[in-house]
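The values are calculated or read from the model by the stated rules, or taken from the named source; none is laboratory data. Fair warning: this is a prediction, and the values are worked out from it, not measured in the lab. Neighbour counts are summed over all protein chains in view; Cβ atoms, including those assigned to glycine, are modelled from backbone coordinates with ideal geometry. Side chains are part of the model used for accessible areas, which takes the heavy atoms of the whole protein and leaves out ligands, DNA and RNA. Shrake-Rupley method; radii C 1.70, N 1.55, O 1.52, S 1.80 Å.
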Amino acid sequence: MDLRRDAVHYRGRSQDSVDHVTWLWRYGREARPDIVRSCIGLHPHWDIYIIDNKPYRKPSKILGYLAKVRCLLYCVLISEKYRIKFIEQSHKIIMDKIKQRYFPDITDDGSVDLPDGITETRDRVITFISDDIRHDVMYAFVTECLVKDSDLEFFLTTASRDVISEYCRSWEYKRSEGERCLYVPSEPEKMCDLFIDRLQLDIITHCTVSDWEIRDRISGRLGVPTEVLQWDQEARERYVEYAKRGTQTVHHARGMIVGCAGAGKTTLLKRLLGCSEEEIKKVKSTEGLEVHEEIFDLCDETKSLKARNINTGNKKEENSATNIDSKTLTFFDFGGQCAYYACHQIYLTRRAFYVVVLDASKRLDQKVDKSVCDQDGSVFHGWTYGDYFVFWIKSIHTYCSSNIDKDSKPTVLIVATHWEKEHRQYQDKNALLHILQQKLPKESNFSQYIVEKNCYCTYFPDETLHDLQQHIFDIASHQRWKENIPKEWVFFEIEMNQKKESERILDIEELTTKLNDGNGEQEEELKLKKDMLRYYHDAGKVLYFNEEGLKQYVIIDVQWFIDAFKHILTDKLHFQGIPAAQKDWDEYYKTGSLRDGLLTEIWKHKDKLTESGTEESDSDFEDDPRYLLYHKDNLLNFMQRLGLMAVGEESHYVPCMNRKEIESAVTDQIQKSDSKTSILIYRFSFLPFFLFFRLVVSCMQLEGWEVRMTNETSCLYRNAALFSVNEYNVVLSVTETSIQLQVFHHVKGRSLRKDETCKIQETIEVMLNDIAGTFHRGLMYERGFRCEEDCTRMIAVDISGRFVQDKYVYQKDGEMVCPLHPFINQHPLNATKLSEFWNLHRAEQRHT
């Protein structure tokens, strides 16, 4: 085999020892001929690599020295700070270990004469003469000594943190040019664990963290919040600095109860809490989202859930919030009405387990009753109960799952309510599971979430929920919920819970003043507070963005914020008596355009209602920090940042409320335009439609982008939006699986310029990538076109079975045979027309 050429070798059998540096390695779609493979151990999996600039064994003069010389050089290599001090004799232990393992034939314990140009000795301290020499010694050590699994284990347990930190990297780490790396395998797991254990907190600031696949392993091993590992280098260094001063272990599990409206989600939670039958019968359908913070204690002695405050609503027991050492469980109860789904996407998180509730008295192919959920005119129009079930499974998978391993997938429990024999639509649990499986997309792997042991069929009021409660306890007791956070952070959670009753939003400067206590530099303390707030934001306990216009404030009462948005969405019948014109209501509920005056009256009405339900008329709500109107500007800024609405001076736009269909006059004008682009399509495997709403809100904030108007009304529709950009018209539309972009001139005789259309394309893709990146997995999409000629004559085109990736069109001229239909229904594609105004230099665009 010519080792200077790319090569692939597949091991067909176990080997005790091989000439391991002669093997080259390839993986997946990406060839990496610069990796020299070291085959070690008796396992068929890959183990470790040493990377050099050439894809073959590099000669090393170190290997030509006597055994006792190499032994001493290796001792210097794996000693602390790459030096040995003869006066301390501490190196003797390491030297003896190396001799015993690799050089048992050395019997001479006398002095060793080291070659010139390799090391230098000063004050009886031996060090390498240069970094390049040290790299060469490391290469020699790997090629000579790391042959078996046990050799790598010896290295990771014996070598100093210095050499491990400098050379070791996790399996999928991508090295920079000229970087020397010793790749630690992900299997067997103990190798990676040894790597983490040796570096401890310092691995958080190690370059290997750029490999996202090791982050969960670090989090589980050290109890470090996974979000911290995604921070920038400077923020991670601050975390390590404060964590080394001392940490506090917290154990807070979170459960999310989701499902279609009317399925019995809130009733299920009340039953888990042990509420009486009379209390349960008074349950009303949840509006928006109810956050029940730490409503259960996890009792290790009884291995069970202990409900807190069953009869006191959301208020805590005295001192319960300050008991940091307790293990607790929080539940988020998601309202099932489709209008509220806009705020749900903010709180779906991988830091939770999920309880998907469905009504067993309804068939999955049955359309949802309008009295349960008003879908007319919305993107949910005509949805069945099965559609909602699949929607939630897709949402959980998209927002919360990981590509790392099966253990990091979100835990999903399925609870079928109304299982009374006279009402249920399914013969038994197996029949239900079979039908649920059949509803899932055939090409997906969503069936992993439908597991018999995770499915419970319940009925009310006779049945107890002991088995379900026990299962939830087992999930919530898992070590994944245990985290170690700096003690400086712990006090904030205590203070935050104490202040929720009187203050909803805190000023960061005020917070810094209260927590600084005169210690340390003010700028550094401010950075610490922002890190702390960022962590609690990721954990869902606060809302905080370190961005201009927002970074001065933190919302400490998330439920209050959700209620503020919920009351914007609440049906107008709930607010009879609000002094607002009927036309304002009608405009809002048809187009999503919310007059600022109407918003003020809605929130004022909410502020007047006390907890007892009576109205207060004497309070000055605009001057009281407990109320919405006092924080109006900040609330609107946060809602806009989250893509829930676009804020204006006289009116605001709430896209999830828009049920307006696009006018035929608008589509006619697009079709008649003699100067327009083809429709550029971004296809998603699963597209949460609120991503489109957030994209529209982002466009409305861009300088130079104006919403098009027709007949004095905005061209914003439930599935499309039109903007004016430098005299160009930009059309954005959405379908079930795609977002589509088209640019046109509405003035006859005007022509488009590619540099301008490409600038618009780049702007959209930057925002699209940014929004898609807010999902844990990162939403993936492919860019392309519809394969029929009429794709340039309409918006929101159906792409099922017709989507052609742009890589098939890239750098093609004139007509070509459609790659989707080369034989059956063969037809041509005009590649020039499709790609004329777009930048397709990247054949496939994905965000990961």
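Within this structure, Lys833 fails the test of being modelled with pLDDT of 85 or more, under 20 Å from Phe684 (Cβ atoms), open to solvent by 40 Å² or more (accessible area, probe 1.4 Å) and of a type in the set (Lys, Arg).
Taken together, the residues in region 545-567 that are in contact (Cβ under 8 Å) with a residue 12 or more places away in the chain, over 13 Å from Leu636 (Cα atoms) and assigned to a loop (DSSP other than H, G, I, E, B) amount to 7. The condition of being crowded, with 22+ Cβ neighbours inside 10 Å and closer than 17 Å to Tyr588 by Cβ does not hold for Leu722. Taken as a whole, the structure places Val228 among residues that are crowded, with 20+ Cβ neighbours inside 10 Å, of a type outside the set (Phe, Trp, Tyr) and assigned to a helix (DSSP H, G or I).
The residues on offer are Ser111, Ser176, Ser186, and the sole one that is assigned to a loop (DSSP other than H, G, I, E, B) and within 18 Å of Cys75 (Cβ to Cβ) is Ser111. From the list Asp132, Asp202, Asp162, the lone residue that is part of a helix (DSSP H, G or I), over 28 Å from Gly223 (Cβ atoms) and open to solvent by 10 Å² or more (accessible area, probe 1.4 Å) is Asp132. So in region 280-303, with the set limited to residues that are without any contact (Cβ under 8 Å) to a residue 12 or more places away in the chain and not in a loop (DSSP other than H, G, I, E, B), which one is farthest from the chain's Cα centre (by Cα)? Ranking the qualifying residues of region 280-303, first place goes to Lys281. Among residues of region 358-370 that are over 15 Å from Val415 (Cα atoms) and basic (Lys, Arg), those with a beta-carbon under 7 Å from a residue that is in a strand (DSSP E or B) and open to solvent by less than 60 Å² (accessible area, probe 1.4 Å) at least six positions away or on a different chain give the pairs Lys367/Thr384.
The set of residues in region 596-605 that are surrounded by 19 or more Cβ atoms within 10 Å (Cβ to Cβ) and under 34 Å from the mean Cα position of the chain (by Cα) comprises Leu599, Ile602, Trp603. Residues that are β-branched (Val, Ile, Thr) and at pLDDT 75 or above: does region 511-531 have at least one? Checked against the condition, which is being β-branched (Val, Ile, Thr) and at pLDDT 75 or above, region 511-531 yields no hits at all.
Just checking, how many residues over region 671-682 are among the polar types (S, T, N, Q) and open to solvent by 20 Å² or more (accessible area, probe 1.4 Å)? Final tally of qualifying residues: 1.
When you scan region 171-179, do you find a residue that is farther than 23 Å from Asp531 by Cα, without any contact (Cβ under 8 Å) to a residue 12 or more places away in the chain and not charged (D, E, K, R), even just one?
Applying the first criterion (farther than 23 Å from Asp531 by Cα) to region 171-179 yields 171-179.
Next, from what is left, pick out any that are without any contact (Cβ under 8 Å) to a residue 12 or more places away in the chain: 176-177.
Now drop any that are not not charged (D, E, K, R), which leaves 176.
Checked against the condition, which is being farther than 23 Å from Asp531 by Cα, without any contact (Cβ under 8 Å) to a residue 12 or more places away in the chain and not charged (D, E, K, R), region 171-179 yields at least one hit.
For region 416-464, the candidate set comprises residues that are charged (D, E, K, R) and surrounded by 17 or more Cβ atoms within 10 Å (Cβ to Cβ); within that set, the residue that is nearest to the chain's Cα centre (by Cα) is Lys439.
Considering the conditions (1) farther than 15 Å from Gln669 by Cβ; (2) not in a helix (DSSP H, G or I), Glu765 is excluded by exactly one of them, (2). Within the set Glu782, Glu765, Glu756, the sole residue that is surrounded by 15 or more Cβ atoms within 10 Å (Cβ to Cβ) and either at positive phi or touching a Lys or Arg at 6+ places or on another chain (Cβ under 8 Å) (or both) turns out to be Glu782.
The test for being more than 30 Å from Leu364 (Cα to Cα) and buried (at least 19 other Cβ atoms within 10 Å of the Cβ) holds for Ala243. Scanning region 271-289 for residues that are crowded, with 21+ Cβ neighbours inside 10 Å and farther than 16 Å from Phe473 by Cβ returns Gly288, Leu289.
Looking across region 641-670 at every residue that is among the polar types (S, T, N, Q) and in contact with a helix residue (DSSP H, G or I) (Cβ under 9 Å, 6 or more places away or on another chain), the one that is surrounded by the fewest Cβ atoms within 10 Å (Cβ to Cβ) is identified as Ser651.
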